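What follows is a set of notes on a single structure, which appears directly below.
The values are calculated or read from the model by the stated rules, or taken from the named source; none is laboratory data. As the structure is a prediction and not an experimental result, all values here were calculated from the model. FYI the Cβ positions are ideal-geometry reconstructions off the backbone, even for glycines, and counts take in every protein chain you see.
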Amino acid sequence: MSYRILVVDDEDGIRFGIRDYLDSEGFEVELATDCRGAEQAFRGSSLDAAILDQVLPDGTALDLLPKLKHIDSQVPVIILTGYGSIDMAVRAIKEGAENFLTKPTELSTLLVMLRRALESRRIRQKELASKTRQDYDRPDPFAGPSMAIKRLAYEARKVSHSESPVFVEGESGTGKGVLAAWLHNNSPRAEEAFVDLNCAGFSREFLETELFGHEKGAFTGAASSKPGLLEVAHQGTVFLDEIGDMDTAVQAKLLKVLEEKRFRRLGDVRERQVNVRLIAATHQDLRRLVQEGKFRSDLYYRINTIPLVIPPLRERTEDIPILAQSFLEAFASDLSRRDLRLAQDAVRALQAYSWPGNIRELRNVLERAVLLSDSNVIRRQELQLDAATTPSNSDADLNLSLVEVERRHIDKVLAAANGHVEKAATLLEIPRSTLYEKIKKLRITPSKF
């Protein structure tokens with residue numbers, strides 16, 4: 001991605017000379033001739049650095065500098081002057097200038113100084129990002145002993161250092177965003193930006209401006225230029241959740257970014273370079289959407305380079321005690337309560353439940369139980385799962401025989417136990433021999449679980 005540099009000087013020869021030189025070095029250059037024009041450029045453009053002449057028709061760079069820093073303190077400023085002095089240089093640095101250079105200026109020296117200023121800005125941004133990170137560990141996307149989660153952990157570690165797009169599939173609430181953050185934090189891009197956008201429910205116009213940005217006046221209400229998430233994430237990672245909801249017109253533009261690493265802001269004719277790694281996720285069946293013409297096949301095959309599938313919670317019930325305890329420890333810390341834990345009947349209830357909302361629902365259930373309980377031991381009745389785990393009162397269910405209700409319930413518990421009869425017997429609170437008899441009597445076959 002090329003950097004945008006503002007050059008402010010009222011002498012045409014100097015202004016255009018610097019512009020042409022920087023343009024030949026791959027920079028985008030914006031020009032102004034006075035303090036007023038410099039302020040307008042700061043307010044209307046996304047600048048990476050500025051070069052100011054000290055003496056301008058309507059003021060000085062030293063008087064202008066505080067105003068520019070108030071607009072955007074992150075933009076480094078280099079001041080040029082034909083009347084250099086130590087006192088002036090000291091004042092310029094105190095006012096926030098990155099550096100101070102006397103005229104006549106060697107353009108090669110200015111280029112070195114400019115690149116150092118841009119690199120210093122980049123280092124400051126990294127330090128700021130590091131300081132503002134949450135000081136607690138991110139959730140572990142691989143918590144638990146189940147084979148399903150161990151397989152996911154193995155696959156994720158194998159691809160974490162790849163630059164190829166990653167496609168994460170999983171039901172709502174399984175932790176797709178947590179896995180995306182883990183992939184970023186364990187990649188060579190870990191010190192760069194991680195930005196995410198949920199594509200669900202947004203219009204084409206909103207997604208376009210969020211991803212690609214826009215120029216001033218690109219549409220009604222665009223009072224200033226705005227960089228998109230792709231620019232913000234340059235050298236880092238972009239996570240697009242629920243990509244299946246993305247408008248097909250935006251899909252075409254995203255494909256160009258993946259294939260050519262180029263894009264245009266809305267309302268701009270210039271193409272910008274960007275280097276990002278894409279992680280996409282969805283709970284939908286993209287293959288079906290491709291067949292229905294709702295998702296571009298070329299984009300699907302491009303983002304599906306590295307597929308990762310997060311198993312639903314009902315397929316990893318042996319992980320539930322560990323996940324639950326980690327949530328309880330977090331709640332205990334937040335609420336200043338000690339030694340929160342689950343009673344055995346609560347553990348059995350959690351493992352018997354089907355969890356349509358997956359880990360997100362588990363967390364919500366436990367948080368509600370902790371808030372409503374005065375005890376440090378959470379019991380089954382405090383989970384309030386009874387209404388969710390018992391058969392519904394629909395007319396169809398009322399027509400079921402008692403034998404069919406029993407068969408369906410045992411079938412569901414066996415599925416939650418991944419087919420382990422001994423574990424299912426424990427959840428049902430009956431002897432293993434009794435469960436074997438019921439399996440035989442009710443003709444529940446291993447293929448069902």
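Taking the condition part of a helix (DSSP H, G or I), more than 25 Å from the chain's Cα centre (by Cα) and outside the structural domain of R408 (by TED's automatic domain parsing), does A324 pass? Steps first, answer last, please.
On the way: part of a helix (DSSP H, G or I): yes; more than 25 Å from the chain's Cα centre (by Cα): no; outside the structural domain of R408 (by TED's automatic domain parsing): yes.
In short, no.
List every residue pair whose Cβ atoms sit under 6 Å apart, with the two residues 6 or more apart in sequence or on different chains, where the first one lies in segment 210-234 and is assigned by TED's automatic domain parsing to the domain that holds E191 and farther than 17 Å from Q273 by Cβ and the second, anywhere, is acidic (D, E) and surrounded by 19 or more Cβ atoms within 10 Å (Cβ to Cβ).
S225/E215
Could you tell me how many of the residues in segment 40-73 are touching a residue at least 12 places away in the same chain (Cβ under 8 Å) and either of a type in the set (F, W, Y) or more than 22 Å from M88 (Cα to Cα) (or both)?
Within segment 40-73, residues that are touching a residue at least 12 places away in the same chain (Cβ under 8 Å) and either of a type in the set (F, W, Y) or more than 22 Å from M88 (Cα to Cα) (or both) number 10.
Quickly run through segment 327-354 and pick out the residues that are part of a loop (DSSP other than H, G, I, E, B) and under 25 Å from the mean Cα position of the chain (by Cα).
Here is the first cut: in segment 327-354, the residues part of a loop (DSSP other than H, G, I, E, B) are 336-340, 343, 353-354.
Scanning segment 327-354 gives no hits.
Would you check if there is a residue in segment 308-320 being surrounded by fewer than 19 Cβ atoms within 10 Å (Cβ to Cβ), outside any loop (DSSP other than H, G, I, E, B) and touching a strand residue (DSSP E or B) at 6+ places or on another chain (Cβ under 8 Å)?
yes
For D137, state whether it is farther than 30 Å from H420 by Cβ and modelled with pLDDT under 85. Before the answer, list the steps.
On the way: farther than 30 Å from H420 by Cβ: yes; modelled with pLDDT under 85: yes.
Criteria met by D137.
Mind checking which residues of segment 214-259 are charged (D, E, K, R) and either under 17 Å from L47 (Cβ atoms) or touching a strand residue (DSSP E or B) at 6+ places or on another chain (Cβ under 9 Å) (or both)?
Within segment 214-259, E215, K216, K226, E231, D241, E242, D245, K253, K256 meet the criteria.
Starting from residues that are of a type in the set (K, R) and surrounded by 12 or more Cβ atoms within 10 Å (Cβ to Cβ), keep the ones in segment 419-449 and report whichever is modelled with the lowest pLDDT.
Quick first cut of segment 419-449, residues of a type in the set (K, R) only: 423, 432, 438, 440-441, 443, 448.
Imposing the further condition that a residue be surrounded by 12 or more Cβ atoms within 10 Å (Cβ to Cβ) reduces the set to 423, 432, 438, 448.
Values: K423: 78, R432: 79, K438: 82, K448: 40.
Ranking the candidates gives K448 first.
Which ones in segment 72-108 are closer than 18 Å to V55 by Cβ, part of a loop (DSSP other than H, G, I, E, B) and not acidic (D, E)?
Within segment 72-108, G82, Y83, G84, S85, A97, K103, P104, T105 qualify.
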